[in-house]
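Let me begin by presenting the structure, written as structure tokens, before commenting on it.
Only the coordinates and a few stated rules stand behind these numbers; no lab work does. The structure displayed is predicted, hence computed values, not measured ones. Every residue, glycine as well, gets a Cβ built from its backbone with ideal geometry; the counts of neighbours run over all protein chains shown.
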Amino acid sequence: MEPAPTPPPSPALPNALAHLPIPFQAVDYAAKGYHLDATVNPDQVVDVVSLLDKEGLALDTITGVDWMAQGQMEVVYDFFHLSKALRVVVRTRVPRDNPEVPTIQKVFPGANWHERETHDFFGIRFLGHPNLTPFLLPEDATFHPLRKDFVS
């Protein structure tokens with residue numbers, strides 16, 4: 001049996017985090033599947049996720065997006081709050097030729113595996129991560145298959 005989908009919030013719910021110094025934008029949950037979206041600088045990521053942790057949000061997943069034409073990589077962090085049925089996305093962009101962002105695994109230990117997977121597939125380095133060895137790819141892999149310029 002599949003779990004029930006997260007119900008849409010009351011109209012006041014996106015304001016639940018309005019007191020935080022994070023540049024959230026309210027998003028149409030029915031269209032996007034999350035309620036709040038914020039884009040921050042890479043050096044703000046750890047502080048922002050620490051604030052979300054203090055508010056009771058949990059990490060759902062981390063992934064990357066290759067914006068090859070713009071010369072950037074994006075790291076996308078998805079969070080949820082069970083009792084408030086709230087879903088939040090935090091994004092940051094880094095240069096594609098030097099894709100580095102601080103690890104968040106000290107705030108959310110479960111980020112360890114998500115960061116390793118994102119490193120495997122996109123080549124994004126999580127600074128301070130204790131073990132960015134390949135997680136799903138072969139140990140000798142020197143490629144990142146989800147980059148748009150990957151050729152098999």
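Some points to look at:
- Taking region 142-152 as the range and being surrounded by 10 or more Cβ atoms within 10 Å (Cβ to Cβ), free of Cβ contacts under 8 Å to residues at least 24 places away in the same chain and within 19 Å of Glu100 (Cβ to Cβ) as the test, only Phe143 passes.
- Against the numbered list (1) of a type outside the set (S, T, N, Q); (2) surrounded by 13 or more Cβ atoms within 10 Å (Cβ to Cβ); (3) touching a residue at least 60 places away in the same chain (Cβ under 8 Å), Phe121 comes up short only at (3).
- Scanning region 118-152 for residues that are among the charged types (D, E, K, R) and either assigned to a helix (DSSP H, G or I) or in contact with a Gly (Cβ under 8 Å, 6 or more places away or on another chain) (or both) yields Asp120, Arg147.
- Of all the residues in region 53-67, those that are exposed (fewer than 14 other Cβ atoms within 10 Å of the Cβ) and either farther than 19 Å from Arg93 by Cα or touching a Gly at 6+ places or on another chain (Cβ under 7 Å) (or both) number 3.
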